[in-house]
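Taking it in order: structure first as structure tokens, then the write-up.
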Amino acid sequence: MNPLLSVTGLRKSYGLVEVLKGIDFEVAAGEKIALIGPSGSGKSTCLRCLNFLEKPSAGEIHLDGERIGVSLGRQMSDRQLAPQRAEMGMVFQLFNLWPHLSVTENVAIAARKVRGLSAREAQELALEMLAKVHMTHRADASPLELSGGQQQRVAIARALAQKPKLMLFDEPTSALDPELVHEVLKVMEELAAEGRTMLIVTHEIAFARDIADRVMFLDGGTIVEQGPARDLILSPREARTQAFLKQIRH
Amino acid sequence: MSDFIEPYFEYGKEWLPLLVKAMGTTALLSVSAFALSLVFGLLLALCRNAPSRALSHFVTVYVSVVRGVPLLAILFLLYFGLPGIGITFDAFTGAVLGLAFAFAAQVAELFRAGLMAIPKGQREAALAVGFTPFQSFTLIVLPQVVRIIIAPLIVTFVSLLKDSSLASLITVNELVLTGRAMATEYFLPLQIYLAVGLCYFFIAWPFSLLSRRLAPAVG
């Protein structure tokens, strides 16, 4: 069976600094993958290259057989990229909810404007997605009234409303107060149990161990080591992986 | 005192329609010019942030030139100067354009400040859900910018309204020019210019109140 996502030779440079030095991996439908690694290792950049929020310098990305970001040998504009981006739900470290819209509107607006649902259909969809993240009770609130954990759960609902083929999580709990991390991880756990395809950049090693099918350890812009989550986290082979995991446990 | 008040009773019936008509002209002039300056100003602000160096330089030069030139000079240039090279406007159009060009520079600075206040992640999240750049701007970024700058925008409108009086000098029959004609006819400049001033105040006052209400609370 073809992989849902395939990434080959992905490179990204900012000026003279090469942040990604050739990344290759595949993701099967339903697979949960955790990207771990020290800050500056390129894991967030890697994730952001997948939906072209960062434009890769080289390499190919295919989602469901479709080449992302390049058409007829030419790089697509942001306008041309829009339908491809809609196939991937993205959750940001800083939530990035839109403060001028209500919680429900945050979740519903793309369904209307991108997928062409009617106002009522979009509203129903939004409430359904909010139920999934246990946020129905704040449907009419402004994002500004919510705690960080609640905001992030709404942001997850917003991404789910895209009916994406793939969910991208960019350090979803890194900006949260420690006591709010759990509620977000719990929601993500429930999504994982539904069999969604998820790519998660995270520092939550225990979470990665329990949730992910596979863990990739990035350092210095390359995948140093990857493998089944438990194996990699409990008995890493590479010295750099061992050092990183040791550091993070203390 | 009664000498002062009396003319209002005596001529009020004649003055009122003249002043109301002139108020209409002033209001139409100001609103048209402001609407146009919003469009110009937004375009200027966007060009300033555009990747093209030439465009952003053009905006910088435009803003500094327009801010350094008196509005009256701009109006004279448009109305009396441009016919010299075969471009003519009627007075009202000339005044609308002159006011719009001049105030676009201020509006552009407001938009620019507002745009800078919106975190980058707002647009990224919009692109990520599948919005086009145009949708991201109109649905997500611009509404937030407008909320931030609405109060100073209204203040700018009020100062445009007052500066629209300069249009009298290129023969637009707005409040001041009407007032001058009335003052000549009735020989009652004190009463008439006072009435003209009140007319401006009546238009501007609600906007001043509005801007104070919409200004973000401090502290």
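The values are calculated or read from the model by the stated rules, or taken from the named source; none is laboratory data. Computed from a prediction, not measured in an experiment: that's the story for all the values here. Cβ placement follows ideal geometry from the backbone for every residue including glycine, while neighbour counts extend to all protein chains displayed. The area values use the complete protein model at the heavy-atom level, side chains included, leaving out ligands, DNA and RNA. Shrake-Rupley method; radii C 1.70, N 1.55, O 1.52, S 1.80 Å.
Brief remarks follow.
- When A:ARG120, B:ARG123, A:ARG138 are compared by accessible area of protein heavy atoms, the largest-first order is A:ARG120, B:ARG123, A:ARG138, using a 1.4 Å probe.
- Bridges between two residues of chain A, per DSSP, are antiparallel at a rate of about 60%.
- Spatial separation of Cα centroids for segment A:81-142 and segment A:157-227, in angstrom: 20
- By accessible area with a 1.4 Å probe, ligands and nucleic acids excluded, highest first: order of B:PHE202, B:PHE157: B:PHE202, B:PHE157
- Using only side-chain charges placed at the Cβ, +1 for Lys and Arg and -1 for Asp and Glu, the dipole size of segment A:96-164 relative to its Cα centre rounds to 240 debye.
- Each residue of segment B:108-116 is assigned a 3J(HN,Hα), and the resulting list reads 4, 5, 5, 4, 5, 4, x, 5, 5 Hz, derived from the Karplus form 6.51 cos²θ - 1.76 cosθ + 1.60 (θ = phi - 60°), x at Gly and Pro.
- Against chain B, whose longest principal axis is taken from its Cα atoms, helix B:53-68 shows a tilt of about 20°.
- Between 0 and 90°, nearest 10: helix A:119-132 axis offset from chain A longest Cα axis: 50
- Solvent-accessible area buried by B and A, counting both chains, probe 1.4 angstrom, square angstrom: 1800
- Principal-axis analysis of the Cα atoms of chain B puts helix B:2-48 at an angle of about 20° to the longest axis.
- Sites A:GLU128 and A:LYS165, calculated FRET efficiency, Cβ-Cβ separation with R0 25 Å, nearest 0.05: 0.85
- Computed with every protein chain present, the accessible area of B:VAL129 is close to 10 Å² [probe 1.4 Å].
- Hits among lysines - C-alpha to C-alpha of B:LYS13 under 23 Å, sequence gap 8 or more where chains match: B:LYS21
- Heavy atoms of B:PHE40 accessible to a 1.4 Å probe, total area in Å² rounded to 10: 60
- Each label point was placed 7 Å from the Cα along the Cα-to-Cβ direction; for B:LEU198 and A:SER77 their separation is 5.7 nm.
- Sequence of B:GLU14, A:GLU190 when ordered by accessible area, the most exposed leading, probe 1.4 angstrom: B:GLU14, A:GLU190
- The protein assembly as shown - mean residue ellipticity at 222 nm from DSSP helices (-39,500 (n - 2.57) per run, n ≥ 4, rounded to 500): -18000 deg cm²/dmol
- Taking every residue in A:80-87 and counting other chain Cβ atoms within 10 Å of its Cβ, the average works out to 4.
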